[in-house]
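What follows is a short report on a single structure.
The values are calculated or read from the model by the stated rules, or taken from the named source; none is laboratory data. Model, not experiment: these values are computed from the prediction. For neighbour counting, all protein chains shown are included, and Cβ atoms are generated from backbone atoms with ideal geometry for every residue, glycine included.
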Ligand SMILES: [Zn+2]
C-alpha cells in the first residue's frame with residue numbers, strides 16, 4: 001500500500017512533486033476537524049506548517065509532519081528521507097487534479113490533436129484528461145528526482 005499525503009495550502013510546490021513521484025496527494029486550502037478525522041481513518045499523512053493544526057491532528061491519531069520554518073525544498077527533502085520516497089513509475093499522478101495517469105495507446109495518440117508528434121510515450125489523466133509526455137521539461141524533472149532520491153527515474 002503506497003503512502004498518501006494531505007498537504008496544506010502553503011505547500012503547493014511539495015504537492016506537485018509528490019504527485020510527479022506518483023504519490024496520492026491532496027492539497028487543501030482548509031483543513032477542519034472533520035477532515036482530520038477522515039485523515040486518520042484513511043491513513044493519510046498530514047503535512048502542515050500550522051502547529052495548532054498539527055497538535056489537534058496528532059491527538060486524533062494522524063501522522064503529522066510539521067514543517068514550520070522550512071522552505072518548500074526542505075520540506076520535500078524531509079519527506080523523501082523520512083518516508084523513503086521513490087519515483088513510482090507505474091503509478092503516476094496528474095499534477096493538476098491528483099488523478100491516476102494511464103498510458104495512451106499509440107493509435108489513440110495519433111488521433112488526438114493535442115498530442116505532440118514524435119513522442120513514444122503518452123499518458124492521460126483518468127480524471128481530467130490532461131495529457132502528459134516526456135518533453136523538454138522531462139530533463140529538469142529527471143534531474144530533480146535524481147537529486148532528491150539518489151536514483152534516476
Ligand atoms: Zn488530472
Segment 46-86, residues that are crowded, with 18+ Cβ neighbours inside 10 Å and within 22 Å of residue 151 (Cβ to Cβ): 75, 76, 79, 80, 85
With (1) touching a helix residue (DSSP H, G or I) at 6+ places or on another chain (Cβ under 8 Å); (2) free of Cβ contacts under 8 Å to residues at least 40 places away in the same chain as the list, and residue 100 as the residue in question, which single condition is left unmet? (1)
Would you tally the residues in segment 10-39 being modelled with pLDDT under 85 and out of contact with any helix residue (DSSP H, G or I) (no Cβ under 8 Å at 6 or more places or on another chain)? 7
Enumeration of residues in segment 121-153 that are in contact with a helix residue (DSSP H, G or I) (Cβ under 8 Å, 6 or more places away or on another chain) and either modelled with pLDDT under 85 or surrounded by 13 or more Cβ atoms within 10 Å (Cβ to Cβ) (or both): 122, 141, 144, 145, 148, 149, 153
So how many residues does segment 86-133 have that are on the phi > 0 side of the Ramachandran plot and more than 9 Å from the ligand (Cβ to nearest atom)? 1
What pairs come out if I take residues in segment 120-144 that are touching a residue at least 60 places away in the same chain (Cβ under 8 Å) and pair them with residues that are surrounded by 11 or more Cβ atoms within 10 Å (Cβ to Cβ) and part of a loop (DSSP other than H, G, I, E, B) whose C-beta lies under 9 Å away, six or more apart or interchain? 141/134; 141/153
